[in-house]
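Bear in mind that the values in this text are calculations on the coordinates, not laboratory data. All of these numbers come straight from a predicted model, not from anything done at the bench. Here the Cβ positions follow ideal geometry from the backbone for every residue, glycine too, while neighbour counts run over all protein chains shown.
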Amino acid sequence: MNIINVLKDTFLDDIDEGRLAMKDIISIEKANLQSTIKNRGYHVELITRVKANFYVRQYFKMMSIIRNLTLNSAEAIGQTGGKIALSLREDGENYVLEVKDNGPGIDRDDLETVFFDGYSTKFNLETGNVQRGLGLTLVKDYVENIFHGTIAVHSEKGRRTEFVITIPKTSFEEETDEVLHH
């Protein structure tokens, strides 16, 4: 699935305007992840709950955040089977984006370092290759420096992992107001 072609075919007007609705970003990423899950033979169910919507100018960065978190969950669950829940809601002056899974969890000792450059649990025993471990570092950078939000991780080894992103509505108000008034 070529994401650029999907965007052009489905959201041409929004691309021309330089913005994309959050519900559409989530729909695109859901379709993308479902394709990856199928192609890799993972046994993962993805559930989405969107209870808020707003426009995002930096939509490729928002897509990267969602893709990274959901793909990490899918890879952690893999063929053992499990569920990922992706939700978006309003909470006072913030939007809250959550990615939860019932996969293997993250070791307590690793929770403090998951956002550091080079952190990775993806090691190929056959080739000796380790993935770069830049994904969560990039996610944290985008959340904090592009969207002026925060990201937290909670996990219970063997039971679940949850990433919670909180972004102030003011990060999107100007562009949302602009869209609504044109």
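In table form, for the structure just shown:
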{"quantity": "Sorted by Cβ density within 10 Å, fewest first, the residues ARG108, ARG19, ARG89", "calculated": "ARG108, ARG89, ARG19"}
{"quantity": "Sum of side-chain charges, ARG108 neighbourhood, beta-carbon under 15 Å (Lys, Arg +1; Asp, Glu -1)", "calculated": "-3"}
{"quantity": "Neighbourhood charge, 15 Å Cβ-Cβ cut-off, centred on GLY82 and excluding it, Lys, Arg +1 and Asp, Glu -1", "calculated": "+1"}
{"quantity": "Local net charge near LYS157, Cβ-Cβ under 12 Å (Lys/Arg +1, Asp/Glu -1)", "calculated": "-1"}
